[in-house]
Amino acid sequence: MSLILDRATFQNSVATLPLSTYRIGETVIADGSRTGRLLILKRGTVAIVKDGTEIAKVAEPGAVFGELSVLLDQPHAANVHAVEASEFYVAEATTLLTQNPVAVLHIATMLAQRLNGANRALIQLKQQLSAGEPQSVVAKTVSRMEGLLLVNASLVYSGYPNDPYA
């Protein structure tokens with residue numbers, strides 16, 4: 001039995017949460033802030049920005065934002081800005097994580113797949129360094145690792161064999 005949930009199961013489990021809408025350019029999450037909330041993308045596209053550098057764009061419905069801050073009891077680690085009008089389900093994190101086992105499994109799976117992708121990228125990076133690959137190739141791998149570690153791309157739905165970061 002697979003523990004990886006389909007997108008519809010997770011989205012149905014959060015469908016009754018309140019919604020928040022952000023216009024183009026609005027800050028959804030500010031780096032260094034503490035909100036105690038989880039934001040689940042219903043529709044739209046956001047950019048994740050760390051130290052002035054765009055790490056990734058996320059448009060996958062069901063993507064969760066704020067999970068690392070909540071789970072580690074630390075401030076948010078990046079800015080999230082709306083690239084287009086975006087709508088999020090908003091959850092008080094403690095409530096969602098103690099009362100919604102589907103959400104817990106979704107977040108755990110997402111984090112495990114991000115770690116798996118980062119581990120594979122680290123191996124690739126070590127191989128590139130050993131082979132004396134050009135700095136541009138190494139920099140691309142480092143950037144991919146940053147994206148894996150800071151954002152929640154749609155890996156949770158693609159599974160290991162089709163991992164786009166392989």
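The values are calculated or read from the model by the stated rules, or taken from the named source; none is laboratory data. Here the structure is a predicted model, which means the values were calculated and not measured. Counting neighbours? That spans all protein chains shown, and the Cβs are built from the backbone with ideal geometry, glycine included. Accessible surface areas use protein heavy atoms only, side chains included; no ligands, DNA or RNA. Shrake-Rupley method; radii C 1.70, N 1.55, O 1.52, S 1.80 Å.
Odds and ends about this structure:
- Picking from residues in the stretch 66-82 that are part of a loop (DSSP other than H, G, I, E, B) and not polar (S, T, N, Q), the one that is farthest from Glu26 (Cα to Cα) is Asp73.
- Total residues in the stretch 100-152, condition among the hydrophobic types (A, V, I, L, M, F, W, C), open to solvent by 20 Å² or more (accessible area, probe 1.4 Å), closer than 19 Å to Thr9 by Cβ and within 13 Å of the chain's Cα centre (by Cα): 3
- Within the stretch 9-31, the residues that satisfy the criterion of being among the small types (Gly, Ala, Ser) and open to solvent by 50 Å² or more (accessible area, probe 1.4 Å) are Ala15, Gly25.
- When residues of the stretch 32-45 are limited to those that are among the charged types (D, E, K, R) and outside any loop (DSSP other than H, G, I, E, B), the one most open to solvent (accessible area, probe 1.4 Å): Arg43
- Restricting attention to the stretch 46-55, the residues that are touching a residue at least 12 places away in the same chain (Cβ under 8 Å) and either β-branched (Val, Ile, Thr) or surrounded by 20 or more Cβ atoms within 10 Å (Cβ to Cβ) (or both) add up to 4.
- Ile48 being of a type in the set (A, V, I, L, M, F, W, C) and touching a helix residue (DSSP H, G or I) at 6+ places or on another chain (Cβ under 8 Å): yes
- Meets criteria (modelled with pLDDT under 90 and buried (at least 20 other Cβ atoms within 10 Å of the Cβ)) for Gly66: no
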